[in-house]
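Have a look at the structure below, then the notes.
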Amino acid sequence: MYFPMLHQDELLYSALARCRIHLGLDSQKELLRQHFSDPWVAATTDLPNHLRKLLQNIGRPLGLDAALLVRRHTLFPLYAPFITPERRGRLEKAMVEDGESGTLGLSGITTAAVKWPPWLRLCPTCLAKMHARHGEYYWRREWQVIGANACIEHLCRLRDSRVPFRRISRYDFQAASPWNCPHRGPPDPADVSDLLIARGVRQLLSSPGAPSPTFRQWSRFYHSLAVERGATTGHHVRIDMLWQRVLSSHSSNWLDSNGLLISKAPYWFVAMFRKHRKSFSFLQHLTVWGCFRQGQDAGSLLLEVARLPDEDKLSDEVSQVTGHTDRQLFRQREKWLKALSKAGGTKRAREQGGQAIYFWLYRHDRQWLMATNASRKVEHGNHCQIDWAWRDRQLARRLIRVEGESAEDLATPRRSQTWFLSQLPHSASVEKNLHRLPLCSAFLDKYAESLGEYQVRRLTKVLINDALAGRARNKWELKRLCGLQSSRTTELARCFLQGLDETL
Ligand SMILES: [Zn+2]
């Protein structure tokens, strides 16, 4: 039976919708009858089921089997690593076979933590390219993930189509087309946090074989992350300190719009650094990794977690293979992480008394030691590895947005260079590296407010309020109200006041 070739990263849902158009079938039910031998299969965007039946009818196009279909053309790889291995198996089985009624429930989607976008989404520039290359549009997987609201190729915000993510009719396959993907005008620049999550999502989607760590492994991983950050006192994790770090990487606007900001250091974040008793969503994990393990691929991170011992209590038995106990291993790891965060680098940590631990770990746990040291290097200002041009563009976009949002507000504090910088994540590092950021420097030269401009703005604010209240003031009163001492009044403000005399 005819089935179109699946494009890279295309949702299976999208290929089925294209198939209906290619075959000229008006009826959705007819498509389901022909391809699934069952007119009652639901058209699910993210986690479809009955895949074995579909493959029996279409005859494995391009050698695709059910497992590959699940991994390459559904959102399974986004949920699978974060549910228990047992659930993961049940979820995959439900998708391939005729589907337990609660397929979505198995993925954790139905819990409040995971949300999906209201509409299927698109990048206008990518769509134009698809049309030029394939003569038609299709729905990509990575656009349909909440939190990843940006196109990585074109650094722009994704746009909503007119097709709901979950449709009212269960049997409705809608192909992407110029009618339901309207887009006018240039796309908006992407938010830095959206791009960070979009990259993580792409890494997860392209690591379909990534393992599903257990709750114990996750608990252990997040505890060692806190130790690595120097955010522990004895057994106690200093959540506030960690949360501050999250706030400096992601704006509270972004956290709020993605349902991640419920209160100060929200409950989900606190729970993540405690013993894991339930699954967290990919978005919650990616948000934290984006702050604490920036630069590390999501796939390699999952491998790291899955390598952690999966036992409630660390064993005191000496392993025949490695010649040491798990407890010993973890004590040494924690010691090394503490030495690293105290010294700020591998070399100094070794010089400052960490040499023996380094050698011990080098002999017994080399892979972990190398991965940990490498990830520290990326984070701690190894400037060769930072793409400054990319960073410059991202930060400049953010500055332009801050400027736009504050331009009309006469009450903002002086929008000096320091003020603009303080609106950015990692402002101290940006300030130190301004010479590497030409777009940001040009922006600041042009838009940073001088003292004179700020004084005029304060005067304007009072004058507008007076005009609205039908009030008139003496010049000295106006100056006092605006805190303009004669000695500090700038030339610009003086000219402005003089101009007032002439107009009055
Ligand atoms: Zn794009």
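Values in this text are rule-based calculations from the coordinates and carry no lab data. The structure displayed is predicted, hence computed values, not measured ones. Cβ placement follows ideal geometry from the backbone for every residue including glycine, while neighbour counts extend to all protein chains displayed.
Brief remarks on what is shown
- The residues of region 154-168 that are within 16 Å of the ligand (Cβ to nearest atom) and touching a residue at least 40 places away in the same chain (Cβ under 8 Å), listed by number, are 155, 160, 161.
- Residue list for region 198-221, filter: closer than 26 Å to residue 341 by Cβ and out of contact with any Lys or Arg (no Cβ under 8 Å at 6 or more places or on another chain): 199, 200, 203, 213, 216, 217, 218, 220, 221
- Qualifying residue in region 155-168 (condition: under 21 Å from residue 198 (Cα atoms), buried (at least 18 other Cβ atoms within 10 Å of the Cβ) and of a type in the set (D, E, K, R)): yes
- Residues of region 138-184 satisfying the condition of being over 24 Å from residue 28 (Cα atoms) and either small (Gly, Ala, Ser) or outside any loop (DSSP other than H, G, I, E, B) (or both): 142, 143, 147, 148, 150, 151, 156, 157, 159
- Residue 65 meets the conditions (1) free of Cβ contacts under 8 Å to residues at least 24 places away in the same chain; (2) at positive phi in every case but one. The failed one is (2).
- Those helices (runs of 4 or more DSSP H) of region 3-91 in which 1 or more residues are more than 25 Å from the chain's Cα centre (by Cα) occupy 12-22, 28-36, 51-58, 66-73.
- Pick from region 118-153, criterion away from the ligand (no atom under 14 Å from the Cβ) and surrounded by fewer than 24 Cβ atoms within 10 Å (Cβ to Cβ), ranking: farthest from residue 9 (Cα to Cα): 118
- Residue within region 441-451 that is under 19 Å from residue 400 (Cα atoms), in a helix (DSSP H, G or I), in contact (Cβ under 8 Å) with a residue 24 or more places away in the chain and among the hydroxyl-bearing types (Ser, Thr, Tyr) present: yes
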